[in-house]
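The values are calculated or read from the model by the stated rules, or taken from the named source; none is laboratory data. The shown structure was predicted, so the numbers you read here are calculated from the model rather than taken from an experiment. Heads up, the Cβs are rebuilt from the backbone with ideal geometry, glycines too, and the neighbour counts pull from every protein chain shown. Surface accessibility is based on the protein's heavy atoms, side chains included, excluding ligands, DNA and RNA. Shrake-Rupley method; radii C 1.70, N 1.55, O 1.52, S 1.80 Å.
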Amino acid sequence: MLRHRSRLAAQVALLPAMLIALVVYCGSTGWTVWISLTSSRMLPNNNFVGLRQYEILFGNERWLVSASNLALFGVMFITISLALGFLLAILIDQRVRAEDLLRSVFLYPFSMSFIVTGLAWRFLLDPTLGIAKIAHDIGFTWFEFDWLVRQDRVIFTLLAAGVWHAAGLVMAIMLAGLRGVDQEIWKATRIEGIPAWRAYLFIVLPMLKGSFATATILMATSVVRLYDLSVAMTNGGPGIASEVPAKFVMDNLFERQNIGLATAAATSMLITVVAVVAPLLYWRSRAEKAAS
Amino acid sequence: MFSKRYLLSCAAAAVLGFAQPAAAQTAEVIHWWTSGGESAAVKVFADQFTKAGGKWVDTAIAGGPNARTAAINRTVGGNPPTAMQFNTGKQFDELVEGGLLADVDAVAAQQNWKAIIPAAIYDAVVRQGHAYAVPINIHGQNWFFYSTEALAKAGASEPKNWDELFVALDKLKAAGLIPLAFGDQKNWERNMFNTVLAGVGGAEMFTAVWGKRDANVVKGAGFKKVAETYKRLKGYVDPGSPGRNWNDATTMVIQGKAGFQIMGDWAKGEFTAAGKTPGKDYGCTVLSNSSSAGYVMGGDVFAFPKSKSADVAKAQAMLASVMLAPDTQIAFAQKKGSIPSRQDLDVSVLDACAQKAVGWLKDKSAQIPANELLSPPAVTGAVEDVISAFWNDNGMAADAFQAKVVAAFASAM
């Protein structure tokens, strides 16, 4: 009886959160999907047009460039950040001196917003200011670095800023994982005479599956909502070379008064995210089950 | 003692309040004028409105799109401001269709707008016979500003048409100066394209492209020439232009580092702030290959959300008539760098560039309605993306550009 009552209390306490999830998240998502099937422009209307907005969307060059940018950025961002973060974690795991300081230094970029990160990197990479100018001023006049203003390279400047921002976080997650590895395993590898790099790569790495999945999902969310970095660093340019889907949605939602197209783009993003994240979540839950 | 005095003053205030029920018409105005010259200009409105017995509540939101979004959301959400700014043109079309705006027919009739405002600007605020906004100014968008010093150094003179422009640009280049100062952002890429479209293509092509979105015109040889001329300009901008702000580009002209800048007349504010005089330190001209001037004109308007309150309606009417009052118009134009939207005023106090523009306003064939007057934001944006891709992609041929513009016309319902 008492147990039943406390469960009821818990359910009542959870009710607002559930209502919010249902109404705000599911309701708004449903509404977004509905609007994407209408001819809405500045104001939402209910004039059903089927998949016409999607047809326009996937005929739109900027959207296609945005989507391929996101795919390229996402894959490279996650891969490089994971590799770099893991490497940093291993280095710090060697009980180096001033570990606390180094940890803070590496984690520090993550405390900055993408806007600040973007502005700082934009200044650094600007061919007439920043690094290129400093190099020229101290005599290296041959030094040229204009990736920020080159259409075929600009996405890599976003990538550099993104990795700089996220690698520290990956390091922190990985370091926590490394510190959780049983000391007995290390003793065993030493007795067996396995070199440290092999121990890390083939023994410890597979044990950190959970940490990898966590870091990957965290980074994947920042890939999908990639917006401010592009706005601050390049504003999508030169041309449309560094446009990203979230920016396409925002521009059409507000400045371009094209809600129908914006919601179609948002819905396409949602479908892609679900398609990518669902298997990851499944993998992580299996990894956790296997670990327990 | 203290509390007694406090109560008394409260009572006094209450009594006074009741005694004068409509003491001050309060008007909350949303606008995006936040830079130095702009806030000075909007202060003219605020002061005049206060003088007329109103109370101005200033809601400045930096960035046009942000300000418009906030104003639209509040209007749709039922908590509208008294007045909100738009660019002259189609940005508020759907608010009119949705019945969310109050008309200003009474003020329009009283001030006889139809007679005193240029037709294109007047038409841009009228929907189905009703005026829905106050056109407060006219901005020319296709000006060439040039540094007299830089041109003299390069041995160039003010061009009279596009061929002469390229001669001058070549001379500047040869003299080691930056021929064309450019703040390379999407909207300015579009504005530069529109400048070429107006000057090389002409008024008829301009309205056929943006207004009728005529695929045949876009596919034609005339438009191709416009595209090629536009691309030719790229050879005259410096490598630091991508992402630069327009006012930083203006500074390059002010300092004599660069020869020309293509920009709207709001750039005059920067010159004025730097203590430069038009006609002496810098020149301004509009280039056209035809006999007509080809002055591309847009501007700003204020629209008034519908309200059930009679007080609000009264404040809106007062605001509308104050904004178009002759002395307000002149004082505002001086600060803003624009020209008054009404033509029945003595404009001798305005600068040399504004005088040129006022001259063109007398001749309808010299005028071209701006992009925003002709196409809805969704279409403008889609075409802007194509223009931007064309400007930045050195491999894109004019033919491919023409085909993409046609495709972009279909990208909005």
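Of all the numbered requirements in (1) closer than 25 Å to residue B:123 by Cα; (2) in a helix (DSSP H, G or I); (3) not hydroxyl-bearing (Ser, Thr, Tyr), residue B:347 misses one, and that requirement is (2).
The condition of being of a type in the set (A, V, I, L, M, F, W, C), over 23 Å from residue A:82 (Cβ atoms) and touching a His at 6+ places or on another chain (Cβ under 7 Å) holds for only one of A:143, A:110, that being A:143. Residue B:90 falls short on exactly one of the conditions (1) of a type in the set (Lys, Arg); (2) over 22 Å from residue B:194 (Cα atoms); (3) assigned by TED's automatic domain parsing to the domain that holds residue B:308, and that condition is (2).
Results for (1) buried (at least 16 other Cβ atoms within 10 Å of the Cβ); (2) hydrophobic (A, V, I, L, M, F, W, C); (3) in contact with a Ser or Thr (Cβ under 9 Å, 6 or more places away or on another chain), shown as yes or no for each residue.
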site	(1), (2), (3)
A:99	no, no, no
A:102	no, yes, no
A:123	no, yes, no
A:127	yes, no, no
A:144	no, no, no
A:174	yes, yes, yes
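Condition check: at positive phi and of a type in the set (A, V, I, L, M). Does residue A:83 satisfy that? In short, no.
Counting the residues of segment A:270-292 that are outside any loop (DSSP other than H, G, I, E, B) and open to solvent by 60 Å² or more (accessible area, probe 1.4 Å) gives 16.
Restricting attention to segment A:1-23, does a residue exist that is within 13 Å of chain B (Cβ to nearest Cβ) and out of contact with any Ser or Thr (no Cβ under 6 Å at 6 or more places or on another chain)?
The answer is no, given that none of the residues of segment A:1-23 is within 13 Å of chain B (Cβ to nearest Cβ) and out of contact with any Ser or Thr (no Cβ under 6 Å at 6 or more places or on another chain).
Mind checking whether some residue in segment B:124-138 is within 30 Å of residue B:179 (Cβ to Cβ) and either away from chain A (no Cβ under 14 Å) or hydrophobic (A, V, I, L, M, F, W, C) (or both)? Taking every residue of segment B:124-138 in turn, at least one turns out to be within 30 Å of residue B:179 (Cβ to Cβ) and either away from chain A (no Cβ under 14 Å) or hydrophobic (A, V, I, L, M, F, W, C) (or both). Tallying residues that are free of Cβ contacts under 8 Å to residues at least 40 places away in the same chain, within 14 Å of another protein chain (Cβ to nearest Cβ) and not in a loop (DSSP other than H, G, I, E, B) within segment A:143-169 yields 1. I want to confirm something. Restricting to segment A:121-142 and keeping residues that are of a type outside the set (Gly, Ala, Ser) and over 20 Å from residue B:241 (Cβ atoms), which single residue is farthest from the other protein chains (Cβ to nearest Cβ)? Checking each candidate, the answer is A:138.
The residues of segment B:66-75 that are surrounded by fewer than 21 Cβ atoms within 10 Å (Cβ to Cβ) and of a type in the set (S, T, N, Q), listed by number, are B:66, B:69, B:73. Please verify whether segment A:185-197 includes one or more residues that are over 30 Å from residue A:37 (Cα atoms) and touching a helix residue (DSSP H, G or I) at 6+ places or on another chain (Cβ under 6 Å). Yes, that holds for at least one residue. Among the residues of segment B:20-55, those identified as open to solvent by 30 Å² or more (accessible area, probe 1.4 Å) and farther than 27 Å from residue B:270 by Cα are B:20, B:21, B:22, B:23, B:24, B:26, B:28, B:50, B:51, B:52, B:53, B:55. Taking segment B:114-147 as the range and being assigned to a helix (DSSP H, G or I) and within 25 Å of residue B:285 (Cβ to Cβ) as the test, the residues that pass are B:119, B:120, B:121.
Looking for something within 19 Å of the chain's Cα centre (by Cα) and facing chain B (nearest Cβ under 9 Å) - is there at least one such residue anywhere in segment A:64-81? The answer is yes; a qualifying residue exists.
The condition (being under 26 Å from residue B:288 (Cα atoms), hydroxyl-bearing (Ser, Thr, Tyr), in contact with a strand residue (DSSP E or B) (Cβ under 7 Å, 6 or more places away or on another chain) and open to solvent by less than 30 Å² (accessible area, probe 1.4 Å)) is satisfied by just one residue among B:375, B:388, B:338: B:338.
Residues are listed down the side, and each one gets a yes or a no for (1) at positive phi; (2) free of Cβ contacts under 8 Å to residues at least 60 places away in the same chain; (3) open to solvent by less than 10 Å² (accessible area, probe 1.4 Å):
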position: B:274; (1), (2), (3): no, yes, no
position: B:279; (1), (2), (3): yes, no, no
position: B:282; (1), (2), (3): no, no, yes
position: B:292; (1), (2), (3): no, no, no
position: B:296; (1), (2), (3): no, no, yes
position: B:300; (1), (2), (3): no, no, yes
position: B:304; (1), (2), (3): no, no, yes
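For segment B:103-113, a residue qualifies if it is part of a helix (DSSP H, G or I) and open to solvent by 70 Å² or more (accessible area, probe 1.4 Å), and the qualifying residues are B:106, B:109, B:110. Scanning segment A:239-255 for residues that are open to solvent by less than 20 Å² (accessible area, probe 1.4 Å), under 15 Å from residue B:66 (Cα atoms) and at the interface with chain B (Cβ under 8 Å from one of its Cβ atoms) returns a single hit, A:252.
Selection within segment A:237-254: residues that are in contact with a Gly (Cβ under 7 Å, 6 or more places away or on another chain) and not in a helix (DSSP H, G or I). The member of this set that is nearest to residue A:62 (Cα to Cα) is A:243. Would you say residue A:115 is within 30 Å of residue A:291 (Cα to Cα), modelled with pLDDT of 90 or more and open to solvent by 60 Å² or more (accessible area, probe 1.4 Å)? It is false that residue A:115 is within 30 Å of residue A:291 (Cα to Cα), modelled with pLDDT of 90 or more and open to solvent by 60 Å² or more (accessible area, probe 1.4 Å). May I ask you to list the residues in segment B:308-340 that are touching a helix residue (DSSP H, G or I) at 6+ places or on another chain (Cβ under 6 Å) and not aliphatic (A, V, I, L, M)? Once the filter is applied, which keeps residues that are touching a helix residue (DSSP H, G or I) at 6+ places or on another chain (Cβ under 6 Å) and not aliphatic (A, V, I, L, M), segment B:308-340 yields B:321, B:328, B:332, B:335, B:336, B:337, B:340. Looking at A:267, A:214, A:221, just one residue is under 16 Å from the mean Cα position of the chain (by Cα), surrounded by fewer than 24 Cβ atoms within 10 Å (Cβ to Cβ), away from every other protein chain (no Cβ under 14 Å) and in contact (Cβ under 8 Å) with a residue 40 or more places away in the chain, and that residue is A:214.
Within segment B:76-92, the set of residues being at the interface with chain A (Cβ under 10 Å from one of its Cβ atoms) and open to solvent by less than 10 Å² (accessible area, probe 1.4 Å) comprises just one member, B:92.
When the residues of segment A:50-59 are narrowed to those that are in contact with a Leu (Cβ under 8 Å, 6 or more places away or on another chain) and buried (at least 16 other Cβ atoms within 10 Å of the Cβ), which ends up nearest to the other protein chains (Cβ to nearest Cβ)?
Ranking the qualifying residues of segment A:50-59, first place goes to A:56.
Looking only at residues in segment B:214-240 that are closer than 18 Å to residue B:190 by Cβ and without any contact (Cβ under 8 Å) to a residue 40 or more places away in the chain, which one is most open to solvent (accessible area, probe 1.4 Å)? Of everything passing the filter in segment B:214-240, B:217 is most open to solvent (accessible area, probe 1.4 Å). Could you tell me which residue of segment B:242-256 is farthest from residue A:146 (Cα to Cα), considering only residues that are assigned to a loop (DSSP other than H, G, I, E, B) and open to solvent by less than 40 Å² (accessible area, probe 1.4 Å)? Checked segment B:242-256; the qualifying residue farthest from residue A:146 (Cα to Cα) is B:256.
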